Structures are given as C-alpha cells and as structure tokens.
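Peer 1: What follows is a structure written as structure tokens; I'll ask about it next.
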Amino acid sequence: DARRVLEDTQNNISRPGTTDVLGLIRNQSETIRSPLIESSNLDLGPILQLGWELKKKTSDSVSNHEIDSAFRRALKLGATGGKLLGAGANGFLLLVHQNHKYLSSRLRLRTLPFEFDSEGTTILYSD
C-alpha cells in the first residue's frame, strides 16, 4: 500500500546514496519543465524511464515482479520509457510509444492513450 512505500522510503533516507537519488529525481522536473511549456518535440520516454529507475532505488517496495515484467515487455515492444503512476506497487503504467494500439494489443493490458492538452485536469478512468 502507499503508506508502506512512503514509510519504507523515509526509513531509507539515511541509507548511503538515497538523498542523492532523490535529488536527481527532483532535478528531472527542471530538465523537462521548459520543453513541456514550450511544447517542443521532446521524447519524454527516456526521461520518465530514468526517473522510474531512480525511484526504484529508494525502496524495494516501489515495484514488484509483475510491474517490472510489464515494463520490460513494453520496452522490447518499442516503448521509449515510462513510469508507474500511483503508489504501493500498484496503479497505472505511463508508457511512451508511437503506436498506442500496437502496444496495447501486444501487452494484453487494459490501456488508455494520453496526450497533453491545455484544458486542465480531466477524469479519464474511474472504478
């Protein structure tokens, strides 16, 4: 669950290298801020992937075998990167791929396409 992941990450702060990893994650926001605002043709996949790999270093409970397996399959199918949205080793995989329908059919997971817009927050999925 999300609380366990956050507690685990907090407990790992004193572990050598963890604060450095968290600093690198924070710096990513500065790296992508301008290109996103300028609507430049930026491939977010590798940036998201690096952030995801860094996040997994903060706690063993951030991910699990099923999530890691889905990421590996997506990358083999041409995704340029992604990350997990949500917490507690659960949630949604945000994957960047040129062809959503191809990736969706090959992963055999329920998927939703996404794109950036200027409308603000919109509910796309609700249980």
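Peer 1: How many residues, within the stretch 1-18, are polar (S, T, N, Q), open to solvent by 80 Å² or more (accessible area, probe 1.4 Å) and part of a helix (DSSP H, G or I)?
Peer 2: 2
Peer 1: Also, quick follow-up: State whether the residues of the stretch 84-103 include one that is assigned to a helix (DSSP H, G or I), of a type in the set (Ser, Thr, Tyr) and in contact (Cβ under 8 Å) with a residue 24 or more places away in the chain.
Peer 2: Looking for residues that are assigned to a helix (DSSP H, G or I), of a type in the set (Ser, Thr, Tyr) and in contact (Cβ under 8 Å) with a residue 24 or more places away in the chain, one finds at least one in the stretch 84-103, hence yes.
Residue-wise test of (1) in contact with a strand residue (DSSP E or B) (Cβ under 8 Å, 6 or more places away or on another chain); (2) among the polar types (S, T, N, Q); (3) buried (at least 17 other Cβ atoms within 10 Å of the Cβ).
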position	(1), (2), (3)
36	no, no, no
70	yes, no, yes
85	yes, no, no
91	yes, no, no
108	no, no, no
116	no, no, no
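Peer 1: OK, next. What residue, of 45, 51, is free of Cβ contacts under 8 Å to residues at least 40 places away in the same chain and under 16 Å from the mean Cα position of the chain (by Cα)?
Peer 2: Details: 45 fails: free of Cβ contacts under 8 Å to residues at least 40 places away in the same chain.
Answer to the check: 51.
Peer 1: Any idea which of 48, 24 is among the hydrophobic types (A, V, I, L, M, F, W, C), open to solvent by 60 Å² or more (accessible area, probe 1.4 Å), modelled with pLDDT of 85 or more and outside any loop (DSSP other than H, G, I, E, B)?
Peer 2: The unique qualifying residue is 24.
The values are calculated or read from the model by the stated rules, or taken from the named source; none is laboratory data. Since this is a predicted model, take the numbers as computed values, not measurements. Neighbour counts run over all protein chains shown; Cβ positions are idealised from the backbone, glycine included. Heavy atoms of the whole protein, side chains included, go into the accessibility calculation; ligands, DNA and RNA do not. Shrake-Rupley method; radii C 1.70, N 1.55, O 1.52, S 1.80 Å.
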